[in-house]
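Shown next, in structure tokens, is the structure this report addresses.
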Amino acid sequence: MAKTYVHTEIDGRKVKLSNLEKVLYPSKEITKAQVIQYYLGISQYILPHIEDRALTVIRYPDGIHKQKFYSKDKPDWTPDWLNSIKIEHDDKTIDYVICDDKASLCWLANLACLELHPMQYQVKHQPNPDHFIFDLDPDEALHFDRVKEAAMRLKPFLEKYGYHPFVKTSGGKGLHLYVPIEPAWDFTAVSDMVKALAGTFVSQHSDLYTLQIPKAKRKGKILIDIYRNHSTNTTVAPFSTRGKTGAPVSLPVHWDQLESIASSDQYNINNYQAYLDEYGYAWDGWREKAAGLHNQRMESVQTEELSPKLEAYLEKRNFSSTPEPVPTLAKKNQNRYCIQLHDASNLHYDLRLEHEGVLLSWAIPKGLPYENGVKRLGIRTEDHPIKYLDFEGVIPKGEYGAGRMWICEKGKIEWIEQTEKKYSFRLSHRKGASFHLFRTKNSQWLIEAKLDKPYVQMQPKHMLAEAAKDIPKADQYSYEVKWDGIRVFIILRDDQIKILSKSGRDITAQFPELWHTDRFKVEQGVFDGEIVVLDSRGAPVFSDVISRMHTTGERAIQSLSQRKPAVCYLFDAVQIDGKDIAHFSNEKRREWLDCVLKSGESYRYSDSFPDGAALFAAIESKGMEGIMAKQKKAAYQYGTRCRHWLKIKSRSSADCYIIGYTQGKGDRSAVFGALHLAQMDGDEIRYMGKVGTGFDMAKLKRLYETFSQVEKIVKPIKDKIEEERRTVWIKPEYQCEISYASMTSNDTYREPVFVKLIEKL
Ligand code: MN
């Protein structure tokens with residue numbers, strides 16, 4: 001067949017395209033034109049991964065089922081505008097193609113280069129690699145779930161050493177973990193380090209993973225292929241297509257989406273866009289996460305190049321054990337700042353301001369003031385390197401500043417005044433305020449806020465959950481107990497606690513046992529939780545907490561708080577130390593809550609559990625209400641009911657009409673024994689059984705009084721029922737909520753429990 005040509009122009013370059021209709025992927029009838037279109041469409045994502053790198057390509061000129069060609073040396077017909085690089089190998093010199101722009105990418109796609117394999121170093125950093133790769137390569141018999149599990153184990157393992165791993169599908173069977181590093185060491189240093197690291201990991205799971213390449217030694221295991229971290233080896237690029245059935249692409253994915261991926265060739269030319277649309281580019285900013293080699297971090301410090309201001313920082317730290325950043329030479333000043341929450345021996349905030357190549361730092365125990373004229377103590381600490389702006393992690397026990405550190409704010413400074421003894425500035429995330437830091441003596445400073453208008457405490461509204469039947473299984477959820485009590489906000493401020501109910505009513509007076517501000521390690525906060533009264537098994541008794549709500553008189557409240565003490569389970573924090581934190585992920589807000597709360601008698605941290613089904617089973621066996629499933633990444637949405645929070649009840653609930661009651665016996669001879677329940681089906685009344693539990697004596701008396709006022713009627717149903725002779729039938733004026741285990745074969749409620757009377761409108 002004669003070749004057909006067209007010419008196209010891309011960014012000023014003429015590219016000659018041939019045989020665009022040729023089918024390269026027969027099963028999906030994907031043509032070369034579609035492949036070229038794909039590469040032009042993702043050029044902004046793939047180019048940063050391949051530019052300035054020697055490329056090995058695999059060409060499939062007649063489609064994936066015909067002969068393929070590995071090509072390293074650039075072809076003779078390569079246009080002269082394409083970049084290339086001559087690299088000397090032991091036996092020969094190869095002139096590799098370099099793909100730096102859209103036109104080059106298009107030219108390669110036209111050659112049916114279905115796989116682009118770049119080297120691990122950029123020419124400008126030759127010979128130092130800027131990332132290392134763990135290729136998880138499973139034995140054929142292994143399920144993909146095992147590969148995902150290995151990746152999920154490697155992630156925290158690598159993070160412990162101060163690295164930030166990224167993951168992509170391979171487009172085949174395995175997964176690729178990419179770890180960005182500073183291009184400061186050659187392949188010998190990097191591959192030695194990677195080998196030692198992988199060895200440590202494998203020795204912890206020697207039944208599952210191996211570093212041995214021979215097939216026989218890998219049986220039933222995953223090979224952690226670290227051998228590509230070598231100067232001459234390559235790995236398929238992120239976003240490259242693969243020469244495999246279905247036109248799969250090697251797609252960067254988010255860690256929290258990994259669980260939902262069914263196979264490593266799930267994403268292909270046709271569906272990758274849907275992933276990008278929904279979740280965005282997973283490796284955004286990955287170069288900024290480059291770390292120094294953990295075993296060489298100290299050696300990398302070029303002390304003579306560093307600002308002498310950082311000497312104190314260097315002296316205090318041992319970089320082979322702390323994940324904190326090694327100082328590097330700072331680039332131009334960008335007026336950045338950050339505030340970190342630091343759970344060290346004393347919880348405090350660290351304020352860091354970029355200034356002349358370093359971060360001026362203060363430890364502020366109570367956080368930045370948020371009210372006019374308030375002065376807070378700040379302890380000046382050693383200047384930190386600029387890279388500390390991004391530091392979040394755990395400083396190991398025994399190291400300087402041991403404890404966990406989170407970034408809670410990062411933005412730009414607008415300077416007003418900078419002298420050795422005074423700094424005045426505005427911060428981009430604290431609009432409407434200026435801050436003034438001034439030295440009092442030695443390392444002691446004071447920070448004061450001047451507000452354009454006075455601070456107003458916000459009135460929060462609860463985020464609500466949708467009801468769900470099934471427990472969502474994905475790993476983006478965590479699970480908590482659904483506490484059956486009174487939903488509240490605990491507002492801590494000015495050394496006082498205020499308790500607000502769901503409707504915004506102040507119910508502080510009802511619960512004196514919850515007035516303990518010393519349960520919190522912060523000065524101010526808004527916490528979401530549920531007040532419960534527990535029985536001896538630790539299960540909440542709803543009627544007890546309700547009677548606490550209805551008790552009046554200081555003395556009665558005090559005495560009941562001794563006999564039936566309430567406990568507040570806190571599960572969320574939406575504000576701490578004057579700062580709204582609702583926009584942070586559920587995961588992070590809960591970490592902060594856990595950190596600032598001294599969990600004990602009156603206030604308890606409501607734990608989360610990784611296994612929803614196991615938690616549900618435990619809750620059900622205790623006869624408790626149910627569980628909550630919360631999306632780990634979701635923000636707190638004030639006053640909104642949405643699927644980011646799901647409630648899964650162990651018992652169902654229903655609203656029923658009350659059509660009669662039975663005269664009580666024994667203890668209950670002065671009140672009723674049970675209520676007859678019904679549902680209305682148009683005009684027809686359907687009998688649903690009777691409910692006799694869920695009342696205490698006070699409630700029985702109150703309800704009996706109410707029902708004895710209702711007009712008596714003749715039996716409104718045909719069904720034969722128990723205790724008919726002791727029954728008083730009443731007009732269906734009242735409705736109540738009940739909970740029940742299931743339905744009986746007669747369509748009545750099994751094990752019904754009275755919850756509450758529904759207030760008449
Ligand atoms: Mn600190």
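List of remarks:
- Matching entry among Arg487, Arg555, Arg548 (being basic (Lys, Arg), crowded, with 16+ Cβ neighbours inside 10 Å and not in a loop (DSSP other than H, G, I, E, B)): Arg548
- Inspection of region 432-450 finds a residue satisfying the criterion of being hydroxyl-bearing (Ser, Thr, Tyr) and free of Cβ contacts under 8 Å to residues at least 24 places away in the same chain.
- Qualifying residues in region 697-721 (those that are closer than 13 Å to Gly660 by Cβ and basic (Lys, Arg)) - the one most open to solvent (accessible area, probe 1.4 Å): Lys712
- The listed residue being more than 47 Å from the chain's Cα centre (by Cα) and open to solvent by 10 Å² or more (accessible area, probe 1.4 Å), out of Gly692, Gly660, Gly682: Gly682
- Listed by first and then second residue, the pairs linking a residue in region 178-189 that is among the aliphatic types (A, V, I, L, M) to a residue that is open to solvent by 20 Å² or more (accessible area, probe 1.4 Å), with Cβ atoms under 8 Å apart and 6 or more places separating them unless they lie on different chains, are Val179/His164; Val179/Phe166; Ala184/Asn128; Ala184/Ser300; Ala189/Gln296.
- Qualifying residue in region 379-389 (condition: more than 16 Å from the ligand (Cβ to nearest atom), buried (at least 17 other Cβ atoms within 10 Å of the Cβ) and modelled with pLDDT under 95): yes
- Residues satisfying the stated conditions in region 617-630, i.e. open to solvent by 20 Å² or more (accessible area, probe 1.4 Å), at pLDDT below 95 and of a type outside the set (Ser, Thr, Tyr): Ala617, Ala618, Glu620, Lys622, Gly623, Glu625
- Filtered residue count, region 119-137, keeping only those that are open to solvent by 10 Å² or more (accessible area, probe 1.4 Å) and not in a loop (DSSP other than H, G, I, E, B): 6
- Among residues of region 308-358, those that are among the acidic types (Asp, Glu), in a strand (DSSP E or B) and open to solvent by 10 Å² or more (accessible area, probe 1.4 Å), counted: 1
- Within the set Thr8, Thr56, Thr78, the sole residue that is hydroxyl-bearing (Ser, Thr, Tyr) and assigned to a loop (DSSP other than H, G, I, E, B) turns out to be Thr78.
- For Ile413, the conditions (1) more than 28 Å from Ser345 (Cβ to Cβ); (2) not in a strand (DSSP E or B) all hold with the exception of (2).
- Selected residue (criterion: nearest to the ligand (Cβ to nearest atom)) from residues of region 359-375 that are of a type outside the set (Lys, Arg) and assigned to a strand (DSSP E or B): Ala363
- Unmet criterion (only one of (1) without any contact (Cβ under 8 Å) to a residue 24 or more places away in the chain; (2) assigned to a loop (DSSP other than H, G, I, E, B); (3) of a type in the set (D, E, K, R)) for Arg702: (2)
- Of the criteria (1) more than 29 Å from Ser547 (Cβ to Cβ); (2) in a strand (DSSP E or B), which one Lys720 fails: (2)
- Tally, over region 495-542, of residues that are open to solvent by less than 80 Å² (accessible area, probe 1.4 Å), of a type in the set (Gly, Ala, Ser) and assigned to a loop (DSSP other than H, G, I, E, B): 3
- Check on Leu47, under 25 Å from Arg228 (Cα atoms), among the hydrophobic types (A, V, I, L, M, F, W, C), surrounded by fewer than 22 Cβ atoms within 10 Å (Cβ to Cβ) and under 33 Å from the mean Cα position of the chain (by Cα): yes
- Selection from region 395-427 of residues that are touching a Pro at 6+ places or on another chain (Cβ under 9 Å) and within 13 Å of the ligand (Cβ to nearest atom): Ile395, Ala402
- For region 723-761, the set of residues classified as open to solvent by 70 Å² or more (accessible area, probe 1.4 Å) and either in contact with a Ser or Thr (Cβ under 7 Å, 6 or more places away or on another chain) or under 25 Å from His550 (Cβ atoms) (or both) consists of Arg726, Glu733, Arg750, Lys756, Glu759, Lys760, Leu761, listed by residue number.
- Exclusive hit being outside the structural domain of Val57 (by TED's automatic domain parsing), in contact with a strand residue (DSSP E or B) (Cβ under 9 Å, 6 or more places away or on another chain) and part of a helix (DSSP H, G or I), set Ser191, Ser203: Ser191
The values are calculated or read from the model by the stated rules, or taken from the named source; none is laboratory data. What you see is a predicted model; the values in this text were computed from it and never measured. Glycine also receives a Cβ, built like all others from the backbone with ideal geometry; neighbour counts cover every protein chain displayed. Remember, those area values only see protein heavy atoms, side chains included, never the ligands or the DNA or RNA. Shrake-Rupley method; radii C 1.70, N 1.55, O 1.52, S 1.80 Å.
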